[in-house]
Amino acid sequence: MTQPLKDILVLDFSTLLPGPMATLMLAEAGAEVIKFERPGTGEDARLTEPKIDGESIGFAVLNHGKRSVALDLKSDAAMDILRPLLEKADVLVEQFRPGVMDRLGLGYEAVRAINPGIIYCSITGYGQTGPKAMAAGHDLNYVGDSGILSLSRGPDARPTMPFGLVADIGGGTYPAVVNILLALIARQQGGQGTHLDIAMSEGAFAFAYWAHAEGVIAGHEIQSGGTRLTGGQARYRLYTAADGRQIAVGAIEEKFWQAFCDVIDLPPDLRDDQSDPDACAAEVARRLGGQPSTYWEPLLAAADCCCTVLKTPREAAVDAHFAARGVFERKLDISGRIVPALPLPIAPEFRAPAGETGRAASLGEDNSRYGAKPHGPQ
């Protein structure tokens, strides 16, 4: 099948995570992505550890398959280089604070005057407008402000950090990709581009839809770790086995709960986890803690009761199920070492063949292609 974005040109002015992952997804679906970076060091992600022979692994994971142009956006020559690209570009992605692109002469109105069909995507923490539009922040701040971090923050003496970058990826990357694709469809129908205002803090709300229903609409008080989905019930929480490995018990439905109870031989008088939740959870913890995870894993798998042993990222990467589905089949070349590429939620039929090895362009590698001054060591 033909890659659906093979004729789409994307100008990428974003850095670090949300924007670069969004443009990576577009590139994986066939788009030509030109990444603009500051001369000298490039974007900050190029400097992050760990590295392979001086090349940042994190940068390569998010930026392979893109072209790199080192360009001082404040220079007099910048617009001469950018104008012909702006005239034919389909999508522009930027991640500066509101107003920065305007000061560079690259704001939406200025770009729209050059190309009325441009789809201009701005990704920020709090959006282009509002009292907090100019406030600095990172993922931790955005999930905190959206209310979702309070749901399972752990005890005050030892607060729990979020496991993933929910606002950056779930509130930034995914909404950006979804809305860019919607805007491309809308442009086919009406011929006009648009300015997409993606606020990471707002995108995070959807990850706790149940909290919106229960806490906002119904007005119920939600305690940290006290609800069904945050460890408030014995049938949906983490327990530690005798070997220190944790077991994820997700037996929400009654049939799964009863099957799990049968595996650990939980007494009948404790199986009603609503009548005395603490006593029930304590006994489940005692029983699971009495044997190592290697004892429980085959029994729980046989019972098919939504209970699994937690895997480390390295263990997950070699899991037989993911291997069978080719999840880590795509490869990436980092300074000559071939490594697994980051799995992305793009259907295989829309991507290049898995046998092709990706590579992140060196800083300014494509300057001459677009008429920019060749970039060398600074």
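Just so it is clear, none of the values below were taken in a lab; they were calculated from the coordinates. What you see is a predicted model, and the numbers here were worked out from it, not measured in a lab. Glycine also receives a Cβ, built like all others from the backbone with ideal geometry; neighbour counts cover every protein chain displayed.
Here, P(r) means the percent of Cα pairs in each 10 Å bin from 0 to the largest distance; for the chain it is 5, 19, 26, 23, 16, 9, 3, 0. A Cβ-based charge dipole, computed about the Cα centre of the chain with Lys and Arg at +1 and Asp and Glu at -1, lands at about 860 debye.
Size of the stretch 291-344: Rg and Dmax of its alpha carbons, in Å, are 15.0, 46. Highest-first packing order for the peptide set 291-303, 115-127 is 115-127, 291-303, based on the mean count of other beta carbon atoms within 10 Å. Net length available on complete extension from ASP265 to SER150 is 38.0 nm, with 0.36 nm assigned per residue and the Cα-Cα distance removed.
So between TYR209 and LYS331, what do we pick up on full extension, going 0.36 nm a residue minus the alpha carbon distance? Display every interim value, and only then the final one.
Details: separation 122, 0.36 × 122 = 43.92 nm, distance 3.55 nm.
Net length gain for the segment: 40.4 nm.
Between the residues GLN3, TYR142, CYS280, the greatest Cα displacement towards the positive end of the dipole of the chain, with unit charges on the Cβ of Lys, Arg, Asp and Glu, is found for GLN3. Pairs of Cα atoms in the stretch 132-271 fall into 10 Å distance bins, from 0 up to the last occupied one, in shares of 10, 28, 28, 20, 10, 4, 1 percent. Annotation: average projected area of the stretch 102-186 is 7.4 square nanometres, based on the convex hull of Cα atoms across all directions.
The order of the peptides 26-38, 306-318 by mean Cβ neighbours within 10 Å, most packed first, is 26-38, 306-318. Panel note: the C-alpha atoms of the stretch 246-309, placed on their principal axes, show extents of 31, 23, 16 Å (largest first). Put a dot 7 Å past the Cα of THR41, heading toward its Cβ, do the same for HIS321, and the two dots end up 4.2 nm apart. Taking a ≥ b ≥ c as the square roots of the eigenvalues of the alpha carbon gyration tensor, the stretch 194-306 is prolate, as a/c is not under 1.5 and a/b beats b/c.
How large is the direction-averaged shadow of the alpha-carbon convex hull of the stretch 212-370, in nm²?
Numbers: hull surface 62.6 nm².
In nm², the orientation-averaged hull projection of the stretch 212-370 is 15.7.
Starting from the 7 Å offset along Cα-to-Cβ, what nm value, one decimal, do you get for the label separation of LEU182 and ILE338? Result for the modelled spin labels: 4.1 nm.
Magnitude of the Cβ-charge dipole of the stretch 246-309, K/R +1 and D/E -1, about the Cα centre, nearest 20 debye?
On the way: 4 positive and 12 negative charges, 51 e Å.
For this selection, approximately 240 debye.
Simple rule: put +1 on each Lys or Arg Cβ and -1 on each Asp or Glu Cβ in the chain, find the dipole, and look at GLY190, LEU165, THR230; the Cα lying farthest toward the positive end is GLY190.
What is the packing order of peptides 357-364, 342-349, 209-216, taking the mean over residues of other C-beta atoms within 10 Å and listing the highest first? Walk me through the numbers on the way to the answer.
On the way: 357-364: 19.1, 342-349: 12.6, 209-216: 14.5.
Result, highest mean Cβ count within 10 Å first: 357-364, 209-216, 342-349.
Write down the percent of antiparallel bridges among all DSSP beta bridges whose residues are both part of the chain, to the nearest 5.
Details: 15 of 40 bridges.
Given both bridge residues lie in the chain, the antiparallel proportion sits at roughly 40 percent.
The Cα center of the stretch 109-133 and the Cα center of the stretch 36-74 differ in position by 24 Å.
What does the extension gain come out to for ALA282 and ASP102, with contour length at 0.36 nm per residue minus their alpha carbon separation?
Contour length minus Cα-Cα distance gives 59.0 nm.
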